[in-house]
Amino acid sequence: MTVVLRLLLVSLLAACALPPAVPDSAPPSRGDALSLRLAPYEDRAHLPPEVALLPLPEGRAFVLLVQLPGPAPVDLGNPAEAQDGLRRFLDPLAVWRAGTELGHAMVGWRCADGTMGLVSKSGDPDNLGLRLLFQGWGLAAALSRYSDGYLVTPEAIPARQRRALASGHASILAEEVPAAACQSLRQSLVAYLDRPEAERARYGMVAESGAPLGTGCGGFAVWLAGQGGALRGLDRHFLRPVLLRDSFVGQGPVVPPGVTPPAVAPAPPVPLLRLLRGDWDRGRVLGEVVLFDMELLLYSLERANLAPEQRLDRVPPGLDQATRHWLGHFARRMPVRVGQAGAMVLLRR
């Protein structure tokens, strides 16, 4: 569960007719209250060293993006390539090579005053989605919305993700932003923590009303980064419309509590063998969804990191143009290393 620190305001009252006692310390300022509320996310002792030790210029503010790629690219823009990606995604050897079972995105900050933090959103801790996949849901298991989402503090980062970071598997970016924008990011995170629990617990990749980037780890990271002025003009380019067919989308006989299937026409279950070996280009069209595509986010981060290769054979033309326009706002790119991990620092001057 998300850790929430509640501030206790204590007043000391004098006895008898003596003058009022002077408190030992003044009530916390607004800035102090913000720091107390964000303490679990700004705990430097538990920040991964690949983030905490980034050599960032002092007195300047940065928004941090950390993405751990999945074991294999899943190109949702092409049914055959998406199917091939899914097969490799389920390959234990590919998981071992990638250093992580699932892709993940984290967002952090290093403000001008030195305040540093990191947060991410996760969900489905009991692997219900994987069980639904084996029960015939097909890609509907990944496109459903779950009600068990939660924020991850630095202390709670899983060991497998720390290993992937340490071994250099992550794409790490530090984008310089105005000092005030970094504080806006922190305030936005506190406002997010104040939302009703049911709203914070929504977790999924499909765009929805009130959460146009979806409510998964990537959508949350890009949204919060945007509150700090980062990735400007890119967010909508990470969304991809996907036509769904009953050749790869089905639904089991029972919808578990806390699961909301994609809002498309119902379809019979898709056995796992047919999902992996059947023709995804065929089948009845069920509808279309717009989802946050983690591979498109990774594309922009890798372009910023001057990566020589890209995971996708093709990307939407608008994303490539928007990425070049975004990178054009920076005076220089400074590659840095922390151990085996590489990162790129985008500087405005």
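Considering (1) under 21 Å from His104 (Cα atoms); (2) touching a residue at least 24 places away in the same chain (Cβ under 8 Å); (3) outside any loop (DSSP other than H, G, I, E, B), the lone condition that Cys182 does not fulfil carries the number (1). Among the residues making up the stretch 192-212, those that are part of a loop (DSSP other than H, G, I, E, B), of a type in the set (A, V, I, L, M) and surrounded by fewer than 23 Cβ atoms within 10 Å (Cβ to Cβ) are Ala201, Ala207. Considering the stretch 143-164, the residues that are at pLDDT below 95 and hydrophobic (A, V, I, L, M, F, W, C) include one that is surrounded by the fewest Cβ atoms within 10 Å (Cβ to Cβ), namely Ala159. Test Leu244 against the criterion of being modelled with pLDDT of 90 or more, crowded, with 18+ Cβ neighbours inside 10 Å, among the aliphatic types (A, V, I, L, M) and not in a helix (DSSP H, G or I), and give yes or no. So Leu244 fits the description; yes.
Among what's in the stretch 223-240 and is in a loop (DSSP other than H, G, I, E, B) and in contact with a helix residue (DSSP H, G or I) (Cβ under 6 Å, 6 or more places away or on another chain), pick the residue that is surrounded by the fewest Cβ atoms within 10 Å (Cβ to Cβ).
Here is the first cut: in the stretch 223-240, the ones in a loop (DSSP other than H, G, I, E, B) are 228-234.
Narrowing the set further to residues that are in contact with a helix residue (DSSP H, G or I) (Cβ under 6 Å, 6 or more places away or on another chain) leaves 228-229, 231, 233-234.
Working: Gly228: 28, Gly229: 18, Leu231: 26, Gly233: 12, Leu234: 19.
Selected residue: Gly233.
Do we find that Arg131 is closer than 26 Å to Pro253 by Cβ and over 17 Å from the mean Cα position of the chain (by Cα) in this structure? Judged against the criteria, Arg131 is a match.
Out of the residues in the stretch 288-310 meeting the condition of being farther than 21 Å from Gly216 by Cα and touching a residue at least 40 places away in the same chain (Cβ under 8 Å), tell me which one is surrounded by the most Cβ atoms within 10 Å (Cβ to Cβ). This residue is Ala304.
The values are calculated or read from the model by the stated rules, or taken from the named source; none is laboratory data. Here the structure is a predicted model, which is why all the values come from computation and not from measurement. Cβ sites come from the backbone with ideal geometry, for glycine too, and all protein chains shown count toward neighbours.
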